[in-house]
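The values are calculated or read from the model by the stated rules, or taken from the named source; none is laboratory data. All figures in this text were calculated on a predicted structure; none of them were measured in a lab. Heads up, the Cβs are rebuilt from the backbone with ideal geometry, glycines too, and the neighbour counts pull from every protein chain shown. Keep in mind that these areas ignore ligands, DNA and RNA; they rest on the heavy atoms of the full protein, side chains included. Shrake-Rupley method; radii C 1.70, N 1.55, O 1.52, S 1.80 Å.
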Protein chains: 2
Amino acid sequence: LIGGSLALALKKAGAVSHVCGFSRDAQNLTQAIELGIIDQGAKDLADCVKDADLVMLAVPLQAMRSIFSQIKPHLKAHAIISDVGSAKGIVVDYAREIWPEGLPSGFIPGHPIAGTEKSGVSAGFAELFNERKVILTPVSESSPQALETLTAVWQICGARVESMDAQTHDDILAATSHLPHVLAFGLVDLLAHHSEHEAIFRYAAGGFRDFTRIASSDPVMWRDICLTNKQAIAKNIRAYQQHLSLMLNLVEQADAQALEHLFTRAKHARDAFTDSLK
Amino acid sequence: LIGGSLALALKKAGAVSHVCGFSRDAQNLTQAIELGIIDQGAKDLADCVKDADLVMLAVPLQAMRSIFSQIKPHLKAHAIISDVGSAKGIVVDYAREIWPEGLPSGFIPGHPIAGTEKSGVSAGFAELFNERKVILTPVSESSPQALETLTAVWQICGARVESMDAQTHDDILAATSHLPHVLAFGLVDLLAHHSEHEAIFRYAAGGFRDFTRIASSDPVMWRDICLTNKQAIAKNIRAYQQHLSLMLNLVEQADAQALEHLFTRAKHARDAFTDSLK
């Protein structure tokens with residue numbers, strides 16, 4: 001979804017002369033050529049990257065280390081090496097294991113905050129990144145030229161590009177995306193095991209449907225995110241547990257004033273967030 | 001919203017000959033008459049209920065006890081006395097305080113699982129209850145005739161009526177509605193106090209918007225729900241805390257298999273719930 005959409009957007013803008021794709025699944029490559037997403041399917045990774053000015057990894061986080069190791073001997077000097085993974089610290093860690101002598105100047109991890117519930121090359125579309133944020137997390141070795149070029153690449157796709165360090169990215173995404181996913185998966189799983197679970201789901205209404213939508217996300221992808229951004233996610237779960245204990249206490253004490261105050265504060269923050277999207 | 005919509009639906013169906021409304025706010029009554037929602041605005045509660053075959057209380061939960069006390073001396077024999085509150089045990093408790101000798105045979109609390117984010121008589125519409133569930137919670141004194149009539153009243157409005165005891169209702173709603181609201185309010189409030197809260201809300205995306213939609217609900221109404229269904233909500237928060245501790249442990253242990261298993265189970269339950277709505 002992400003890799004194919006990026007290729008489509010860059011081709012549509014006339015920003016690339018040749019797109020070479022690689023996939024473990026040959027069928028994907030055939031389909032990508034038929035859909036006009038790539039110009040060529042490579043037989044192996046070495047073949048795919050040897051002439052590339054920009055190498056973009058759109059693979060599960062846990063696959064990154066092995067791919068870095070396989071492409072390292074074949075990269076062009078000054079090639080930009082980036083990715084689209086949902087956690088960034090782990091990508092830097094994997095890369096440092098493969099390049100212990102120091103990372104290439106073109107190495108800049110990235111994360112487009114965009115997607116749909118679908119996946120696969122056939123789900124891609126050129127407008128996916130339009131008006132969406134892309135976070136780049138350059139390392140100390142990253143060259144300003146590479147950052148400038150990669151920023152332009154995403155801007156051509158309509159994205160708003162921002163840079164920050166990998167740790168800040170992981171902390172922010174743990175709070176706004178990873179924690180809510182864990183909470184939603186947890187609620188649905190809890191209720192599915194409730195002795196009254198049939199009744200519970202029968203009487204659930206629109207609010208419940210919205211609240212649990214993200215619990216329909218891909219379990220394997222979320223497993224990988226939990227494993228690769230473990231520290232920040234655990235920290236956020238613990239902070240949430242503390243806040244929930246405080247709320248439980250207010251409910252048990254029937255503290256009307258404090259409950260109303262907290263709910264009002266939350267409503268204002270949520271309404272301000274929604275207004276900021278307009 | 002709820003009382004006015006019920007009156008509109010019953011009038012539209014030709015199921016009522018005369019609707020008398022009461023409100024603390026005389027302006028509401030004038031508006032309700034102008035909108036054709038009620039036939040008459042009563043000067044006081046006694047006047048409103050003395051000739052009524054059906055008395056429907058659409059007032060905040062915390063106001064019920066006082067209203068029961070005020071209407072008791074003026075009710076017709078065999079009048080149906082019902083309400084539309086989001087918690088039911090507390091309504092039965094309040095009624096038993098006012099009728100210590102035993103509840104009237106027409107007493108049957110109820111809860112239409114319907115609503116919008118709006119409130120007030122001008123927000124009402126006759127189709128609000130169409131295809132929505134209404135839960136009735138008869139007590140031991142409730143007569144089968146009263147239950148049959150009240151069921152017919154809601155069915156005329158297009159609702160699917162089901163009966164259960166008040167405790168079961170409160171347990172189910174605590175899980176499907178009250179707990180998710182507490183969790184959403186809690187998450188937004190936690191993040192609003194985060195040291196990085198500006199960045200956090202700036203990088204939040206569609207999933208976060210859906211997940212936190214219910215945190216825009218009316219704080220006073222939710223305060224009252226927390227106070228009046230305290231036991232069941234506290235029980236559900238504690239169960240959720242336990243489940244979250246289990247998940248935190250899986251994340252900290254990096255238990256890939258158990259995380260994937262839990263996320264997959266949740267996704268299946270959530271997808272099955274969505275399919276059941278189609």
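Worth pointing out:
- Only protein atoms count toward the accessible area here, which uses a 1.4 Å probe; on the protein assembly as shown, the carbon and sulfur part of that area reaches 50 percent.
- Counted over the protein assembly as shown, the DSSP beta bridges are approximately 20% antiparallel.
- To the nearest ten degrees, helix B:256-277 and the longest principal axis of the Cα atoms of chain B are 30 degrees apart.
- About the Cα centre, charge dipole magnitude for chain A (Lys/Arg +1, Asp/Glu -1 at Cβ), debye: 120 debye
- Magnitude of the charge dipole for the protein assembly as shown, about its Cα centre and with charges confined to Cβ atoms of Lys, Arg (+1) and Asp, Glu (-1), is about 260 debye.
- Between chain B and chain A, roughly 7800 Å² of accessible surface gets buried, counting both sides and using a 1.4 Å probe.
- Whole-number Å³ per residue for the convex hull built on Cα positions in the range A:178-278: 149 Å³
- Probe 1.4 Å - accessible area at B:Lys230, Å² to nearest ten: 60 Å²
- In this view, the solvent-accessible surface of B:Thr30, computed with a 1.4 Å probe and all protein chains in place, comes to about 70 Å².
- Between helix A:144-156 and chain A there is an angle of about 70 degrees, using the helix long axis and the longest principal axis of the Cα atoms.
- For the range B:84-99, Karplus couplings with θ = phi - 60° (6.51, -1.76, 1.60), whole Hz, Gly/Pro x: 10, x, 7, 10, 10, x, 5, 5, 5, 4, 4, 4, 5, 5, 8, 10
- Å² of accessible area per residue within chain A, as computed with a 1.4 Å probe and no ligands counted: 44 Å²
- Summary of the geometry: the range A:8-75 and the range B:22-71, compared by the centres of their Cα atoms, lie 70 Å apart.
- The GNM of chain B, with springs linking C-alpha atoms under 10 angstrom apart, assigns the highest mean-square fluctuation among B:Ile233, B:Ile90, B:Ile71 to B:Ile71.
- Given chain B, longest segment not containing exposed loop GluC sites (Glu not before Pro) (DSSP; at most 12 other Cβ within 10 Å): B:132-278
- With the whole protein complex present, A:Ser23 retains an accessible surface near 30 Å², based on a 1.4 Å probe.
- Rg followed by Dmax, in Å, when chain B is reduced to its Cα trace: 21.6, 68
- Cβ-vector label at 7 Å, B:Asn249, separations to other copies in nm: 2.4
- For the axis carrying chain B to chain A: nearest C-beta residue of B, whole Å: B:Asp210, 3
- The amide H of A:Ile38, built 1.01 Å from its N in the peptide plane, has A:Ile33 as neighbours under 5 Å, considering only residues 5 or more places off or on other chains.
- Ranking A:Gln62, B:Leu10, B:Pro60 by Cα position along the charge dipole of the protein assembly as shown, where only Lys, Arg, Asp and Glu carry charges on their C-beta atoms, puts B:Leu10 farthest toward the positive end.
- Taking amide H as placed 1.01 Å from N in the peptide plane, the amide H of A:Val55 sits under 5 Å from that of A:Ile80, A:Ile81, A:Ser82, each at least 5 places away or on another chain.
- Under 5 Å between amide hydrogens, built in the peptide plane, is the criterion, and for A:Lys133 it picks out A:Ile113, A:Arg160 among residues at least 5 positions away or on other chains.
- With Cα atoms, 0 to 90° folded angle of helix B:179-192 axis to chain B main axis: 60 degrees
- When all protein chains stay in place and ligands, DNA and RNA are ignored, the 1.4 Å accessible-area order of B:Arg223, A:Arg270, largest first, is B:Arg223, A:Arg270.
- Whichever aspartates and glutamates have a C-alpha closer than 15 Å to that of B:Lys43, once near sequence neighbours (fewer than 8 apart) are set aside: B:Asp25, B:Asp51
- Quarter of the Cα convex hull surface for the range A:27-141, i.e. its orientation-mean projected area (nm²): 7.6 nm²
- Trypsin sites (Lys or Arg not before Pro) restricted to DSSP loop in the range B:106-183 with at most 14 other C-beta within 10 Å: B:Lys118
- For the range A:135-189 versus the range A:218-278, the gap between their alpha-carbon centres in whole angstrom: 21 Å
- Phi-derived couplings, Karplus 6.51 cos²θ - 1.76 cosθ + 1.60 at θ = phi - 60°, listed residue by residue for the range A:10-18: 5, 5, 4, 7, x, 8, 10, 8, 8 Hz, with x used for Gly and Pro.
- Estimated FRET transfer efficiency when R0 is 22 angstrom, pair B:Leu277-B:Gln167 (beta carbons, to 0.05): 0.25
- Inter-label distance, nm, simple model (7 Å from Cα along the C-beta direction), B:Glu34/B:Lys235: 4.7 nm
- Where Rh is the Kirkwood radius over Cα pairs, Rg/Rh for the protein assembly as shown: 1.08
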